[in-house]
Amino acid sequence: MKIFGFFGIKPRHSPPLLYFCLMKILIVEDEAGLLELIVRYLKREGYVCETAGTFAEGYRKINNFDYDCAVVDLTLPGGDGLKLVRMLRQESIQTGIIIISARESLEERILGLEEGGDDYLVKPFHLSELNARIKAVMRRKTGEFGKAMAFDGLVIKLDERTVSADGVPLKLTKKEFEILVYLARNKNRVVTKDSIAEHLWGDYMDDAVSFDFIYAHVKNLRKKLATQGYGDYLKTIYGIGYKFEVG
C-alpha cells in the first residue's frame, strides 16, 4: 500500500528491530497528512516522536528540549527551515539533522548540507528510506547501532533489549530498561527528572507520567542492579535527578 505517492506504510509481519530504542526525534513538517504518516511509522519503529508544524513551534522546541535527531522541512509557515537547521547545529553537534524538502536542485541540497544537515532527502520518499537514513546518521553520531554498551560486567544489548550483570540476566520492565539506557547514554552526567520524563514520553509526557512514577521505576531498577553488585552505578542527585556514574 502506498499513500501520497512514495509516502507509504507497508504492512509488517514481524516486530520492529528496536536498534534505536529511546531515540527521540523532532519532526518539523507543516503538511499534516505527511506529518501523521511519519510519526505513525517512526513510533512503530520504536522512536519517541515530537512534532512541530510551524517555524515558531520548531524554534520553541529546539530552544527548550534536546533531541537525538531532527527531521526538518525547509518550507514552513512563518520562516525558513534552514534557520532551524543552523540553530540546531549551533546548539548541539550531537543532534542528527535530516532535511526533507521538495527542493531538489543540486544547489539547494549542497546548501542544506553546508548549513548543518547530515542528510538531505527529496520528497516524495519512502518512509522506510527515511528510517534507514535516521539510523545511518545516528550510527555515525553515536556508534551504538546494533551494539552493546558495557560497563565492567554490566552489559546492555540495545538490539536484544537485554541487560546482564556478570553474565546473569536481569529481568527489567520496558520502562526500567529505557531509563537505564537513557542514563547510560548520558553516563557521568546529571540527568534531571524532567529530561527523563520528556525523553521517554515526548509530547505525551503530561498525560502519561509523574515524577513519582519515575522515582518508582528508578528505585526498582537500582534494586535489581544491586542484586548483582551494581546498585552504586545509579546515583540519586537529590532535588535534581539521577546520574549513571562509572569510572
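The values are calculated or read from the model by the stated rules, or taken from the named source; none is laboratory data. Please read all numbers here as calculations on a predicted model, not as lab measurements. Because the Cβ atoms are built from the backbone with ideal geometry, glycine has one as well, and the counts that use them run over all protein chains shown.
Picking from 162, 75, which residue would you name as being closer than 30 Å to residue 222 by Cβ and of a type in the set (S, T, N, Q)? Give the steps one after another, and end with the answer.
Details: 75 fails: closer than 30 Å to residue 222 by Cβ.
Of 162, 75, the one residue that is closer than 30 Å to residue 222 by Cβ and of a type in the set (S, T, N, Q) is 162.
Mind listing whichever residues of segment 212-234 are aromatic (Phe, Trp, Tyr) and surrounded by 15 or more Cβ atoms within 10 Å (Cβ to Cβ)?
Here is the first cut: in segment 212-234, the ones aromatic (Phe, Trp, Tyr) are 213, 215, 230, 233.
Answer for segment 212-234, where residues must be aromatic (Phe, Trp, Tyr) and surrounded by 15 or more Cβ atoms within 10 Å (Cβ to Cβ): 230, 233.
Condition check ((1) at positive phi; (2) assigned to a strand (DSSP E or B); (3) under 17 Å from the mean Cα position of the chain (by Cα)) across all residues:
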| position | (1), (2), (3) |
| --- | --- |
| 107 | no, no, no |
| 121 | no, yes, no |
| 125 | no, no, no |
| 131 | no, no, yes |
| 134 | no, no, yes |
| 137 | no, no, yes |
| 155 | no, yes, no |
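Could you tell me how many of the residues in segment 24-47 are in contact with a Cys (Cβ under 6 Å, 6 or more places away or on another chain) and part of a helix (DSSP H, G or I)?
Residues meeting the conditions: 3.
Among (1) modelled with pLDDT of 95 or more; (2) more than 18 Å from residue 23 (Cα to Cα), there is one condition residue 72 misses while meeting the rest; what is its number?
(2)
Find all pairs meeting these conditions: Cβ atoms under 8 angstrom apart; at least six residues apart or on different chains; first residue within segment 90-110 and closer than 23 Å to residue 138 by Cα and aliphatic (A, V, I, L, M); second residue surrounded by fewer than 17 Cβ atoms within 10 Å (Cβ to Cβ) and at pLDDT below 90.
Matching pairs, first to second residue: 97/89.
Taking residue 116 and the conditions (1) under 22 Å from residue 50 (Cα atoms); (2) assigned to a strand (DSSP E or B); (3) among the small types (Gly, Ala, Ser), which numbered condition does it fall short on, given that it satisfies the others?
Every listed condition holds for residue 116 apart from (2).
Checking the structure you have, find out if any residue of segment 45-60 is surrounded by 13 or more Cβ atoms within 10 Å (Cβ to Cβ), of a type in the set (Lys, Arg) and modelled with pLDDT of 85 or more.
Scanning segment 45-60 turns up no residue that is surrounded by 13 or more Cβ atoms within 10 Å (Cβ to Cβ), of a type in the set (Lys, Arg) and modelled with pLDDT of 85 or more.
Restricting segment 153-185 to residues that are in contact with a helix residue (DSSP H, G or I) (Cβ under 8 Å, 6 or more places away or on another chain) and of a type in the set (Ser, Thr, Tyr), which is farthest from residue 240 (Cα to Cα)?
173
Would you please list the contacts, defined by Cβ atoms under 7 Å and residues six or more apart or on different chains, that run from a residue in segment 123-137 that is more than 12 Å from residue 99 (Cβ to Cβ) to a residue that is surrounded by fewer than 17 Cβ atoms within 10 Å (Cβ to Cβ)?
124/4; 124/5; 124/6; 126/6; 126/8; 127/8; 127/9; 135/145
When you scan segment 139-153, how many residues do you find that are in a loop (DSSP other than H, G, I, E, B) and at pLDDT below 90?
Total satisfying the criteria: 6.
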